[in-house]
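J.: One structure coming up, written as structure tokens, with questions to follow.
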Amino acid sequence: MTGTTSTALQDGKDSNTIMPATRERWVHNPKTKWQFDIDVVGTCNLRCPSCPVGNLSEARTSEKYMRPEMLDRIMAKATSECRVYGVYLYNWTEPFLHPNLPEMIRVVRSYGVPCGLSTNLNLITNIDGIMEANPSMLKVSLSGFTQEVYGKTHRRGDIELVKQNMAEVARAKQRAGSTTRLVIAYHRYLGNHEDEALMQAYAQSLGFEFEPAWSYLMPLEKMLAFTDSDAIDVEINAEDQKTIDSLALPLSDAVKASKNAPHQPCPLRAQQMAITATGDVMLCCTAFDQSKYKIGSFLDTPLSELQEQRYRHSLCGSCMKNGLHVFFTYGSDQLDEIALKHIAKHYPDAKLKGVKEVMNKDRPTGIKAIPYKLKRECRRILVKLGALS
């Protein structure tokens, strides 16, 4: 174990207390498909009120960026310890701030692993190099089509610049002959439904897929303050309450439905790991404060030890006791209905479909999905063999 591990668990509570929800023990399963969320930089250019970079500024993160050599070592260790199904070069931060993002993408792809990016796209650096590196996915997160709407929830952002950059990304993809999936993640708030239709039409005209999502308050520390103030030393302030009031998915009803959902294990703990720009493993991808919730160095600590620490941590017990692991993963079938009713109460003329309905509309299922799954698996094998880039 590293020195980081012992200090990371001192959160003012008995961090080794095993809550009822965490009595499950981690057991290594070689068939588990792992996802790694790796922040390659330590900051973001925006200050969105629903994100901890904007609402938990007192919990500072490292300003450093990860070098390709460290990422290569992380990939080598990860692929030797588990089945890595995907690596995403972001968690809380903006990957386009990295001075050599194309090389970081190439490092991941050299291991035959899909590499995803998510960006607010308010800045665009070396987009030709990024498209030539051919990430599997480039997702743009936004919340409006007009600045009046977008600026409320993407603070410091400029939607007109984002739209220009979207067009440039589409052109760069064409120039590079890239196979990168371009996706718009549209964050739904009360009152931004009219902009959604405009953004969807614009995005699809450029070749972007369109995926709406219900916005919620992050990080885990803020959500625990909302649901179980005794479990955390963070508070909900007036600015947080404004954000909560702006959500299309009302938090109280959503958390209640998630808490009452059938028991389910937490996939964020069982098969997903968040790593900071300095190479430290966080308790969870939803936790933000590195001074309290770092578990240990990924390179210096076996995966099994990291998982044992995560499964023992009392914060997981508080999270699962309140159903937040279900909430964060949209694990309750009631969330769409709750959000749509809430929107209809405030905007009776709004015509929106549930997120799950939109996401599953064009996805083949059952026997029709076999050709798509075979094609994806064949591509993965060819990339690993070096026959495809």
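J.: Given the conditions (1) closer than 17 Å to MET273 by Cβ; (2) of a type outside the set (A, V, I, L, M, F, W, C); (3) surrounded by 16 or more Cβ atoms within 10 Å (Cβ to Cβ), and given that SER80 satisfies all but one, which numbered condition is not satisfied?
T.: Checking SER80 against (1) closer than 17 Å to MET273 by Cβ; (2) of a type outside the set (A, V, I, L, M, F, W, C); (3) surrounded by 16 or more Cβ atoms within 10 Å (Cβ to Cβ), the one that fails is (3).
J.: Cβ-Cβ under 8 Å, sequence separation 6+ or interchain: first residue in the stretch 130-159 and more than 22 Å from LEU217 (Cα to Cα) and charged (D, E, K, R), partner assigned to a loop (DSSP other than H, G, I, E, B) and modelled with pLDDT of 95 or more. Which pairs?
T.: So the pair list comes out as GLU132/SER178.
J.: Only one of these is open to solvent by 20 Å² or more (accessible area, probe 1.4 Å) and either in contact with an Asp or Glu (Cβ under 7 Å, 6 or more places away or on another chain) or farther than 30 Å from HIS98 by Cβ (or both): SER246, SER314, SER258, SER318. Name it. Give the steps one after another, and end with the answer.
T.: Details: SER314 fails: open to solvent by 20 Å² or more (accessible area, probe 1.4 Å); SER258 fails: open to solvent by 20 Å² or more (accessible area, probe 1.4 Å); SER318 fails: open to solvent by 20 Å² or more (accessible area, probe 1.4 Å).
SER246 is the lone residue from the list that is open to solvent by 20 Å² or more (accessible area, probe 1.4 Å) and either in contact with an Asp or Glu (Cβ under 7 Å, 6 or more places away or on another chain) or farther than 30 Å from HIS98 by Cβ (or both).
J.: Which ones in the stretch 229-243 are at pLDDT 95 or above and crowded, with 22+ Cβ neighbours inside 10 Å?
T.: Answer for the stretch 229-243, where residues must be at pLDDT 95 or above and crowded, with 22+ Cβ neighbours inside 10 Å: just THR243.
J.: Looking only at the stretch 199-211, decide whether some residue is closer than 25 Å to LYS242 by Cβ and of a type in the set (Gly, Ala, Ser).
T.: Just the residues of the stretch 199-211 that are closer than 25 Å to LYS242 by Cβ, to begin with: 199.
Subsequent filtering for residues that are of a type in the set (Gly, Ala, Ser) retains none.
Among the residues of the stretch 199-211, not one is closer than 25 Å to LYS242 by Cβ and of a type in the set (Gly, Ala, Ser), which makes the answer no.
J.: Can you tell me how many residues within the stretch 1-60 are crowded, with 17+ Cβ neighbours inside 10 Å, among the small types (Gly, Ala, Ser) and modelled with pLDDT of 55 or more?
T.: 4
J.: Check whether at least one residue in the stretch 166-176 is under 21 Å from the mean Cα position of the chain (by Cα) and closer than 28 Å to GLN241 by Cβ, and report yes or no.
T.: Checked against the condition, which is being under 21 Å from the mean Cα position of the chain (by Cα) and closer than 28 Å to GLN241 by Cβ, the stretch 166-176 yields no hits at all.
J.: Regarding TYR347, is this residue more than 30 Å from SER229 (Cα to Cα), modelled with pLDDT of 90 or more, open to solvent by 50 Å² or more (accessible area, probe 1.4 Å) and of a type outside the set (Asp, Glu)? Lay out the reasoning, then the answer.
T.: Working: more than 30 Å from SER229 (Cα to Cα): yes; modelled with pLDDT of 90 or more: yes; open to solvent by 50 Å² or more (accessible area, probe 1.4 Å): yes; of a type outside the set (Asp, Glu): yes.
It is true that TYR347 is more than 30 Å from SER229 (Cα to Cα), modelled with pLDDT of 90 or more, open to solvent by 50 Å² or more (accessible area, probe 1.4 Å) and of a type outside the set (Asp, Glu).
J.: I would also like to ask the following. Where residues in the stretch 261-300 are open to solvent by 20 Å² or more (accessible area, probe 1.4 Å) and basic (Lys, Arg), which of them is farthest from LYS64 (Cα to Cα)?
T.: Per the criteria, the residue is LYS292.
J.: Here's another thing I want to ask about it. Taking the stretch 211-228, which residues are surrounded by fewer than 21 Cβ atoms within 10 Å (Cβ to Cβ) and touching a His at 6+ places or on another chain (Cβ under 7 Å)?
T.: Within the stretch 211-228, just ALA213 meets the criteria.
J.: Working only within the stretch 196-210, note down all residues that are touching a residue at least 40 places away in the same chain (Cβ under 8 Å) and open to solvent by 40 Å² or more (accessible area, probe 1.4 Å).
T.: Scanning the stretch 196-210 gives LEU198, TYR202, LEU206.
J.: Let me ask something else. Within the set of pairs 6+ apart or on separate chains, which have a first residue in the stretch 36-56 that is among the acidic types (Asp, Glu), a second that is open to solvent by 10 Å² or more (accessible area, probe 1.4 Å) and not in a loop (DSSP other than H, G, I, E, B), and C-beta atoms under 7 Å apart?
T.: If the second residue must be open to solvent by 10 Å² or more (accessible area, probe 1.4 Å) and not in a loop (DSSP other than H, G, I, E, B), the pairs left are ASP37/TYR88; ASP37/GLN272.
J.: Please work out if GLN290 is within 23 Å of SER332 (Cβ to Cβ) and modelled with pLDDT under 95. Give the steps one after another, and end with the answer.
T.: Details: within 23 Å of SER332 (Cβ to Cβ): no; modelled with pLDDT under 95: yes.
So GLN290 fails the test.
The values are calculated or read from the model by the stated rules, or taken from the named source; none is laboratory data. Computed from a predicted structure; not experimentally measured. Here Cβ is always computed from backbone atoms with ideal geometry, including for glycine, and neighbour counts include all displayed protein chains. The accessibility values were calculated without ligands, DNA or RNA, using every heavy atom of the protein model including side chains. Shrake-Rupley method; radii C 1.70, N 1.55, O 1.52, S 1.80 Å.
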